[in-house]
Structure formats: C-alpha cells, structure tokens
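Just below is one structure, and these are the notes that go with it.
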Amino acid sequence: METKYIPTIGLEIHAELKTSSKMFCSCRNNPDEEKPNVNVCPICLGHPGTLPVLNMKAIKHVLKMGITVGGTLADFTEWDRKNYFYPDIPKGYQITQYKYPLVSNGTLASVELERIHLEEDTAQSTHDAHEKSLVNFNRSGVPLMELVTKPVIHDAATAVRFAKELQLLLRYLGAGEANMEKGEMRIEANISIATPEDTLNKKFGTKTEVKNLNSFRAVESAIACEIERQSSLLQKGKKVSQETRGWDDGKQETYSQRSKESSHDYRYFPDPDIAKLKVSQVPEFSHEALAKEIPELPWIKRDRFKTVFGMTDKEVAVFIESPMIAKYFESIISSYTTDLKKVKLTVNYLLTDYVGMLKKEGMLDFDTATLSRIPTTSFAELINMTAAGDLSSRGTKDLLVLLLQDSSASPKALAEKHSLIQKSNAADLIPTLEKIIMDNPVAITEYKAGKVASLQFLIGQAMKATKGSANPEMLKKLLLEKLS
C-alpha cells in the first residue's frame, strides 16, 4: 500500500553482556546452560532481605560502548527500581537505570542515540501447548544493556542496518555475542506515522511498540507491516491506539498485547540497597584506561580494507562479520601488505577456496584453531608460489587441499611431491610444443588464417601433454614466437 505518511521509528535494543557472573550476584552468567534453574541464588530469585552487589565488568562494557559511539559518559549514576508485577520478576520490580544512565547521546551508523543504560534481565518464561507456563531463572539477573535511539529512523532498512552494526560492535568489544536466536539481543521498535507537514514540525503520530523481535528479518517485516497497518487505519478515518504489540512471524502481522505504559506507571525510585556510583573515582573507568582496551572498530576496518586493499563490498562484509577470518588474513599478508597482487590472490583463495573447504567439512565456527589448520606462514608461502608462477590456479587449489590434510608439511615439498610445480623453463617446454605443432597442422592453418580460438586449442593440447604442469602463460609466449 502506497502511503502518504512519513514513518518515525525509534529502537530500544536489549543485549545481554558477556560476564562471568550476573549483574548483582555471583551466580554464573551462562547463556548456554541447558538445565533450568541451576544458576540461581536468593539474590536473583528475589528473596527478601538479600543485598545486591554491582558487577563492575558489566559497567565497564557499557562505558566502552559509550566511548565508541561518541556518547557522554556519566560521572554520577544510580540504580532504580522499575515496579511491575509479572511472574518473571518475583521481587515485583526490576533493577534498572532511569534518571542517570551511564551513557547519554552518541551516534552509531548515522543514527542518533538517546541513552545507553544498564539493568538486570528477567527470568525466561515458556508457554506450552497445554497452556502451562514455566519460568527459568537462569537468565534472571544477567547484566542487560539497553540502548535507546532517538526517533530519527524513517524506514525499516535503516533500522535493520543500525541493529546489525550494533551487533557487530558488541562482538568487537567483547561485550556480548548478541545472538538473536538465543535471545541475547532483543529488539523493540516504536513506530508512528504522520503527514510530511506534521513530521517537519516535529509532530508525531500515536506510537505503538512492537516487542521482542528476535531476528533482523522480523525487525524489517514487523516495521513494514506496522507502517502499513497504521496507514490503513488513518486512511479509513480511524485512530491508532497507543499500545504494545507482538509479532506473529507465521502470519506476518502484528497483534495487540496491552495498552502502552508510561514511565509514571512504573513508579521509579532509587534502589536503597545499591550504592550510588561516582564513575571518576574508579581508576579503571577513566577515559584513557577504557580507550586502551578498544580495538579497531568495524566501520574503521571496513573503510581500511576497501581503501587500502581495494576489496569489494561482498569481500569486506565477510571479514567484518568474521573478525577471526580478518585476523587470519592479516597475519597471512603481513610480509607482503603492499603487494596488492598477492593480497588479492590471498583474498580469493582464502574466501572462495579455504573457507569453502572448511564449510564443506561442517565447520562454521571460524575460530583460531579451525583456521590455523593451515598455518598462516604456509598460506603465505602458497601465495608467493602462485604469484611467482610456480603454481597454476588449479595447482593452488589442489595444494590447499593437501595442506589441509597435512598442515605440518612444507607447501613447496608437497607441491613437488605431487607434481604441482609449473614448468616455466623454455628449454623444457619447446620439445612438447614442437610435437603439438607437428600433430595439429589444421589448427596451425586456422590460427594463421585468423582463428584466434585455435591458439587456445594448441595451449590446451600442450597442457594435456604435460599433465597440467606447464605454465600456460609461458606456453602462449613460446607458441606465439613459433607461429610468428
């Protein structure tokens, strides 16, 4: 449906942080735990009289996020109680930050941010076909970062692009894995539509919130669906209700859950059991100390790989989304970084052949151990041999297979053992060429009459005679000399 309205979208993204323990207790933070209710204690179960203690690692993660997005880091912060009653919060409130977030403002992927704050995750509720609900408290109390954008997004594609960049950033900083299928990153979209005139005057329509979107595809589809739903209502003269809506992935539509709460409904007030924090009094939280721990960021690496190495967008995307492959690649080319011919050969044989071979073996987790099955020094030697003309394209691919089978072997020794070294010596090739010329008079006549394809035929015959060991470029050069 074509719309005459302009959408305005703001995102609220929750991401579980990577720490050893939970936010306010010493229980293990393990998103892969399969047994329910084992990583629990009186604190995260909400028993009366328990006292929470801050997880400083989680605070550091959020402060580092703040630096990378150019946000303002708080000097003073405190934790608040967000009061509401639901089975996944036995205390009757969630510990969060309301008035004093750790980070204010900033920009990521050209989208302005409102705030980034820290809170505790809730327990995990599951509902079965028999209308039973079960609660698993392993997740209760896990440190949860909430990032809120300003309402400056106007289409679903931009929202998805922003969310993907945030996921990358969390992974690069080691702050979280942000696997959406595991619920480690959850996205909520606030959506409203208004006429172009109202939008220009900063007048927005009635907002709905679509909660707990657990894939990038769901984010894009839910936003597009909600824009269309609201447009249809307004065009029929109806009103949009302020409410919280869910997303039905099967039906590809949003559905009403409950009326949308306002901040006063939660009766926020400072948590009396948690000490207030003066950030500047913690040496490890200084801007200088935090900055030293920040690696090359994805957008900086993306720009460097494109400008310095001349990679395509598709090639760059693989390296950016798989930092371990990027690290492996840079280790390979460390001895010939300025030789762009060798760099391009490395990109090609690494991404197209080596990664493809590993995937064929069912290896999808490209960690150091997986990639190092062929040492970077061996990969570099293979590329040097290819660039020097010692290996054909076919020979390089075959040698990669052999190295994967025997990573301790020398690439040159393996190539020699399996007759993969190309013959480039003219004295070795001329006798073969003379026989090819003698045995194919028709092709010689056709070539001299202007049929260029006949030259390739003769080169092919020579490659066949040498069992693929001849350098095709040298064959072409010698043939042209013989036939001139």
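For region 414-481, list the helices (runs of 4 or more DSSP H) that sit wholly inside it and hold at least 1 residues that are over 50 Å from the mean Cα position of the chain (by Cα) and of a type in the set (S, T, N, Q); which are they?
Numbers: elements: 426-439, 441-448, 453-465.
Result: 426-439, 441-448.
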Please verify whether region 65-77 includes one or more residues that are in contact with a helix residue (DSSP H, G or I) (Cβ under 8 Å, 6 or more places away or on another chain), assigned to a helix (DSSP H, G or I) and of a type in the set (Ser, Thr, Tyr). yes
Could we say that Arg81 is among the basic types (Lys, Arg), touching a helix residue (DSSP H, G or I) at 6+ places or on another chain (Cβ under 9 Å) and closer than 21 Å to Tyr268 by Cβ here? yes
With modelled with pLDDT of 95 or more, assigned by TED's automatic domain parsing to the domain that holds Leu400 and under 21 Å from the mean Cα position of the chain (by Cα) as the only criterion, which of Tyr354, Tyr336 stands out? Tyr354
Quick test of your reading of the structure: Phe309 fulfils all but one of (1) touching a residue at least 12 places away in the same chain (Cβ under 8 Å); (2) touching a strand residue (DSSP E or B) at 6+ places or on another chain (Cβ under 9 Å). Name the failing condition by number. (2)
Single unsatisfied condition, Met438 versus (1) among the hydrophobic types (A, V, I, L, M, F, W, C); (2) crowded, with 19+ Cβ neighbours inside 10 Å; (3) outside the structural domain of Ala326 (by TED's automatic domain parsing): (2)
Give me the strands (runs of 3 or more DSSP E) completely within region 112-158, filtered to those with at least 3 residues that are of a type in the set (A, V, I, L, M) and buried (at least 20 other Cβ atoms within 10 Å of the Cβ), ordered by residue number. 143-149
Residue that is surrounded by the fewest Cβ atoms within 10 Å (Cβ to Cβ), among those in region 12-51 that are free of Cβ contacts under 8 Å to residues at least 60 places away in the same chain and assigned to a strand (DSSP E or B): Arg28
What do you reckon, is Leu277 in contact (Cβ under 8 Å) with a residue 40 or more places away in the chain and in contact with a Ser or Thr (Cβ under 6 Å, 6 or more places away or on another chain)? yes
Taking region 357-377 as the search range and keeping residues that are free of Cβ contacts under 8 Å to residues at least 12 places away in the same chain and more than 19 Å from the chain's Cα centre (by Cα), which one is farthest from Pro411 (Cα to Cα)? Gly362
Which numbered condition trips up Asn190, out of (1) assigned to a loop (DSSP other than H, G, I, E, B); (2) modelled with pLDDT of 95 or more? (1)
Every residue from region 356-372 that is surrounded by fewer than 16 Cβ atoms within 10 Å (Cβ to Cβ) and either in a loop (DSSP other than H, G, I, E, B) or of a type in the set (Phe, Trp, Tyr) (or both): Glu361, Gly362, Met363, Leu364, Asp365, Asp367, Ser372
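Restricting to region 266-292, name every residue that is farther than 15 Å from Met56 by Cα and part of a helix (DSSP H, G or I). I'd like the intermediate steps shown before the answer.
Filtering region 266-292 down to residues farther than 15 Å from Met56 by Cα leaves 266-273, 287-288, 291-292.
Tyr266, His287, Glu288, Ala291, Lys292 - these are the residues of region 266-292 that are farther than 15 Å from Met56 by Cα and part of a helix (DSSP H, G or I).
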Among (1) crowded, with 16+ Cβ neighbours inside 10 Å; (2) under 29 Å from Tyr336 (Cβ atoms), which single condition is His418 missing? (1)
Determine whether Ala163 is buried (at least 18 other Cβ atoms within 10 Å of the Cβ) and in a loop (DSSP other than H, G, I, E, B). no
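Kindly evaluate Ile294 against the criterion of being closer than 22 Å to Ala387 by Cα, among the aliphatic types (A, V, I, L, M) and touching a residue at least 40 places away in the same chain (Cβ under 8 Å).
When the stated conditions are applied, Ile294 does not pass them.
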Give the residues of region 332-376 that are polar (S, T, N, Q) and within 14 Å of Leu400 (Cα to Cα), sorted by residue number. Thr346, Asn348, Thr352, Ser372, Thr376
Residues in region 199-206: is at least one among the aliphatic types (A, V, I, L, M), farther than 17 Å from Ile153 by Cα, without any contact (Cβ under 8 Å) to a residue 24 or more places away in the chain and out of contact with any strand residue (DSSP E or B) (no Cβ under 7 Å at 6 or more places or on another chain)? no
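The values are calculated or read from the model by the stated rules, or taken from the named source; none is laboratory data. This one's a predicted model, so the numbers in the text were calculated from it and none came from an experiment. Note that each Cβ is placed from the backbone with ideal geometry, even for glycine, and that neighbours are counted across all protein chains shown.
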